[in-house]
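The values are calculated or read from the model by the stated rules, or taken from the named source; none is laboratory data. Fair warning: this is a prediction, and the values are worked out from it, not measured in the lab. So basically every Cβ, Gly included, is an ideal-geometry build from the backbone, and we count neighbours across all protein chains shown. The protein model used for the area step is the full one, side chains on, heavy atoms only, and it has no ligands, DNA or RNA in it. Shrake-Rupley method; radii C 1.70, N 1.55, O 1.52, S 1.80 Å.
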Amino acid sequence: MREPNVVVADVPFPAGAAAAVGADGRPLIPQRTVALVFVSAIHDATVRAVNYAESLGASETRAIYFDMDPEQEYRLEVDWAAKGLQIPLDIVEAPFRDLTGPMLAECGASRPVPTRS
């Protein structure tokens, strides 16, 4: 990779070794990983993002659409099904067109928000 300011490293972790623990007491090697794909519309870039997220081999992979318009939500669900994308699409309500709270909640940094699947 020849990208400025990007470093790729492969750090081996021997099987059966005691789990390394960070300064905060949490394990350094995650037991579970989650890949989230934030979706605004269904187009080629969305399909590529979903394919990339699936290739990561995360424990859980899902797409999230923040609902600000019920009419657009319906069209998005129809387009999602038509593309045959295999990961679940979660529809999350975003009141007042503010994505900060709902997005942080989906990332686990805040309280959960109502979700429709």
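With a 1.4 Å probe rolled over the protein heavy atoms of all chains, the accessible area of ARG62, ARG48 falls in the order ARG48, ARG62, largest first. Residues in segment 39-106 average 59 Å² of solvent-accessible surface per residue, probe 1.4 Å, ligands and nucleic acids excluded.
Tally Lys and Arg at +1 and Asp and Glu at -1 over the other residues with C-beta under 10 Å from the C-beta of ARG62: what net charge comes out? Net charge around ARG62: -3.
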